[in-house]
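Some notes on the structure that comes next.
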Amino acid sequence: EPEVTQTPSHQVTQMGQEVILRCVPISNHLYFYWYRQILGQKVEFLVSFYNNEISEKSEIFDDQFSVERPDGSNFTLKIRSTKLEDSAMYFCASSEFTYRGSTNEKLFFGSGTQLSVL
Amino acid sequence: AQKVTQAQTEISVVEKEDVTLDCVYETRDTTYYLFWYKQPPSGELVFLIRRNSFDEQNEISGRYSWNFQKSTSSFNFTITASQVVDSAVYFCALRVTSGTYKYIFGTGTRLKVLA
């Protein structure tokens, strides 16, 4: 089965530093997402991306966050100035664009990047 | 607004017992999708099942079964004859089809199956 790939699997950074988390979504997918999970808690939506622009973002996704699809395959999440509370597992996900009532709707997740801010 | 509630934070059972994980959802949309994902100790999120709002048939897959009831807005997940490998956090999720494409997750239920 096709996979969403995330790198790195672990990232340690100092508070105030910039980090870029990288993802390669499944090739024929059109919708891309970032979610995060703070140590064993709920899976929280950050942002969705379609047609080269943000389609929706949560309150968590403030000016310190940005996403980009720099080429035809990569999808990145940048945190400009990391804070201690940004420490979490970050999941990239992708899905096909499905029409209303489609039976193919499903979110494919990558294995996550564990971000630790010291 | 949409919401998913998993009231059971943690459940412990002894191996071979049956266990049901509850999921209650809220939405005004008439077309939506419901999902269950498993998160084993290794941390990845594994898709288990999708249900469309217009298909209320229950589903069985091996030891797993799902009961979807629109009348009570519930989508419960039962594991029959639980095994230690079933130990994980299970998330229920909702995706509506109007105005948003995000998936909304419940807070998860941690299942511990004891040998």
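Just to check your reading of the model, which residue among B:25, B:103 is under 14 Å from the mean Cα position of the chain (by Cα) and within 14 Å of chain A (Cβ to nearest Cβ)?
Step by step, each of B:25, B:103 is checked, and only B:103 is under 14 Å from the mean Cα position of the chain (by Cα) and within 14 Å of chain A (Cβ to nearest Cβ).
Output the residues belonging to the range B:33-48 that are part of a strand (DSSP E or B) and open to solvent by 10 Å² or more (accessible area, probe 1.4 Å).
B:38, B:39, B:46, B:47, B:48
Here is a check on your reading of the model: is residue A:10 surrounded by 12 or more Cβ atoms within 10 Å (Cβ to Cβ) and either aromatic (Phe, Trp, Tyr) or over 10 Å from the mean Cα position of the chain (by Cα) (or both)?
no
State all residues of the range B:92-115 that are in a strand (DSSP E or B) and more than 18 Å from residue B:58 (Cα to Cα); if no residue qualifies, say none.
Result: B:95, B:96, B:104, B:105, B:109, B:110, B:111, B:112, B:113, B:114.
Being surrounded by 15 or more Cβ atoms within 10 Å (Cβ to Cβ), at pLDDT 95 or above and within 12 Å of chain B (Cβ to nearest Cβ): is that true of residue A:45 here?
yes
If you go through the range A:61-92, how many residues are part of a loop (DSSP other than H, G, I, E, B) and within 12 Å of chain B (Cβ to nearest Cβ)? Full working, then the answer.
So the first thing to find is which residues in the range A:61-92 are part of a loop (DSSP other than H, G, I, E, B), and the list is A:61-64, A:69-74, A:80-83, A:87.
Filter once more, so that each one left must be within 12 Å of chain B (Cβ to nearest Cβ): A:61.
Matching residues across the range A:61-92 total 1.
Does residue A:74 satisfy the condition of being in contact (Cβ under 8 Å) with a residue 24 or more places away in the chain and farther than 28 Å from residue B:6 by Cα?
Values: in contact (Cβ under 8 Å) with a residue 24 or more places away in the chain: yes; farther than 28 Å from residue B:6 by Cα: yes.
The answer is yes for residue A:74.
If residue B:97 satisfies every condition in (1) more than 24 Å from residue A:33 (Cα to Cα); (2) crowded, with 16+ Cβ neighbours inside 10 Å; (3) at pLDDT below 95 but one, which is the exception?
(1)
Looking at the range B:49-74, which of its residues are within 10 Å of chain A (Cβ to nearest Cβ) and assigned to a loop (DSSP other than H, G, I, E, B)?
Passing the criteria: B:53, B:54, B:55.
For the range B:11-32, what are the residues that are within 14 Å of residue B:103 (Cβ to Cβ), part of a loop (DSSP other than H, G, I, E, B) and in contact with a Leu (Cβ under 8 Å, 6 or more places away or on another chain)?
Selection gives B:23, B:27.
State whether one or more residues within the range B:108-115 are touching a helix residue (DSSP H, G or I) at 6+ places or on another chain (Cβ under 8 Å), modelled with pLDDT of 95 or more and surrounded by 13 or more Cβ atoms within 10 Å (Cβ to Cβ).
There is at least one residue in the range B:108-115 that is touching a helix residue (DSSP H, G or I) at 6+ places or on another chain (Cβ under 8 Å), modelled with pLDDT of 95 or more and surrounded by 13 or more Cβ atoms within 10 Å (Cβ to Cβ).
Name the residues in the range B:9-22 that are more than 14 Å from every other protein chain (Cβ to nearest Cβ), closer than 14 Å to residue B:90 by Cα and open to solvent by 20 Å² or more (accessible area, probe 1.4 Å), would you?
B:11, B:12, B:20, B:22
The values are calculated or read from the model by the stated rules, or taken from the named source; none is laboratory data. It should be emphasised that the depicted structure is a prediction, and the values quoted were computed from it without experimental measurement. Counting neighbours? That spans all protein chains shown, and the Cβs are built from the backbone with ideal geometry, glycine included. Note: accessible area is taken over every heavy atom of the protein model, side chains too, but ligands, DNA and RNA are not part of it. Shrake-Rupley method; radii C 1.70, N 1.55, O 1.52, S 1.80 Å.
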